[in-house]
Amino acid sequence: MAEIAAICQINKQITYHLARHSFATEICLTKGVPIESVSKMLGHTNIQTTQIYARVVDRKLSHDMNVLERKLRTMQGGTPQKVG
């Protein structure tokens with residue numbers, strides 16, 4: 001993993017746990033893989049263990065929506081227009 005980090009110019013120690021977490025959140029859950037499938041891939045016997053990863057994705061989604069809202073305000077020169 002250190003070799004991959006060096007190639008990608010990541011200046012952080014990449015651990016087994018970080019790799020599993022990134023796989024579950026960034027590669028699987030954010031791309032629409034069902035949580036039940038991610039749970040099996042990670043070898044979790046209890047889906048509640050996998051739901052911890054889903055909460056991280058929910059927080060990221062909320063953050064990303066706030067970023068989008070700020071960008072829309074900037075583009076429109078004020079408050080975003082309500083749709084619908």
- Can you pull out the helices (runs of 4 or more DSSP H) entirely within segment 1-73 that have at least 3 residues that are aliphatic (A, V, I, L, M)? 2-7, 35-42
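Tell me, please, whether a residue that is basic (K, R) and within 17 Å of the chain's Cα centre (by Cα) can be found in segment 32-52.
The first filter runs over segment 32-52 and keeps only residues basic (K, R), leaving 40.
Within this subset, residues satisfying the condition of being within 17 Å of the chain's Cα centre (by Cα) are none.
No.
Does A19 qualify as being modelled with pLDDT under 85 and on the phi < 0 side of the Ramachandran plot? Step through it out loud before you land on a result.
On the way: modelled with pLDDT under 85: no; on the phi < 0 side of the Ramachandran plot: yes.
Criteria not met by A19.
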- Close pairs from segment 38-56: first more than 14 Å from I27 (Cα to Cα), partner surrounded by fewer than 13 Cβ atoms within 10 Å (Cβ to Cβ), Cβ under 8 Å, at least 6 apart: I47/E36
- Message: Quick check on segment 1-40: of everything there that is surrounded by 14 or more Cβ atoms within 10 Å (Cβ to Cβ) and among the hydroxyl-bearing types (S, T, Y), which residue is farthest from L61 (Cα to Cα)?
- Response: S39
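The values are calculated or read from the model by the stated rules, or taken from the named source; none is laboratory data. Keep in mind that this is a model prediction, so the values were computed, not measured. So basically every Cβ, Gly included, is an ideal-geometry build from the backbone, and we count neighbours across all protein chains shown.
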